[in-house]
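These notes concern the structure reproduced below.
All of the numbers you see were taken from the coordinates with simple rules; none came from a lab. Just so it is clear, the model here is predicted, and its values are computed rather than measured. Note: ideal-geometry Cβ built from the backbone for every residue, glycine included; neighbour counts use all protein chains shown.
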Amino acid sequence: MEAALAAAPALAKLFPGLTALQGLLGVALAWAWYHRVASRPVGAPPRPLREFRFNDHLIWGAIFTLGAMLLPLEEPWNRVIVNLLVVWMGIYAMRGWPSRER
């Protein structure tokens with residue numbers, strides 16, 4: 001219990017980034033359920049997670065965010081940058097998730 005209480009302030013700083021990732025996954029899950037339940041769904045069904053890909057040029061967003069970590073910025077900007085880094089890491093982790101077919 002004491003370890004959880006000691007870790008709570010650090011996790012509270014990452015809460016916005018983690019919530020953004022959970023929101024993205026929640027929207028994907030809701031869209032998949034909509035296509036399973038609806039008799040005439042609108043739009044294309046979501047593709048499997050193992051097919052999740054995006055343009056390689058988006059790595060620059062992660063690189064600039066990592067570079068911004070090196071800047072001596074004031075407190076509100078440090079939290080924004082750390083949360084952006086959490087989102088970038090989550091997106092790239094999903095993109096590189098290994099599938100059984102490879």
Subject >> Label corresponding to semi-axes √(5λ) of the Cα gyration tensor in Å when calculated from the structure given, among (1) 32, 12, 11; (2) 31, 19, 14; (3) 21, 16, 12 >> reply: (2)
Subject >> Whole-angstrom gap from region 2-38 to region 41-95, using each part's C-alpha centre >> reply: 15 Å
Subject >> Farthest positive-ward along the chain dipole, Cα basis, beta-carbon charges - from THR19, GLY90, PRO46 >> reply: PRO46
Original post:
Once you put a point 7 Å from the Cα of LEU24 and another 7 Å from the Cα of ALA62, both along the Cβ direction, what distance in nm separates them?
Top reply: 1.0 nm
Subject >> Chain lengthening between VAL82 and LEU14 when straightened (0.36 nm per residue, less Cα-Cα) >> reply: 23.8 nm
Original post:
If each of GLU75 and ALA4 carries a label point 7 Å out from its Cα toward its Cβ, how far apart are those two points in nm?
Top reply: 2.7 nm
Original post:
How far apart, in nm, are the 7 Å Cα→Cβ label points at ALA32 and ALA44?
Top reply: 1.7 nm
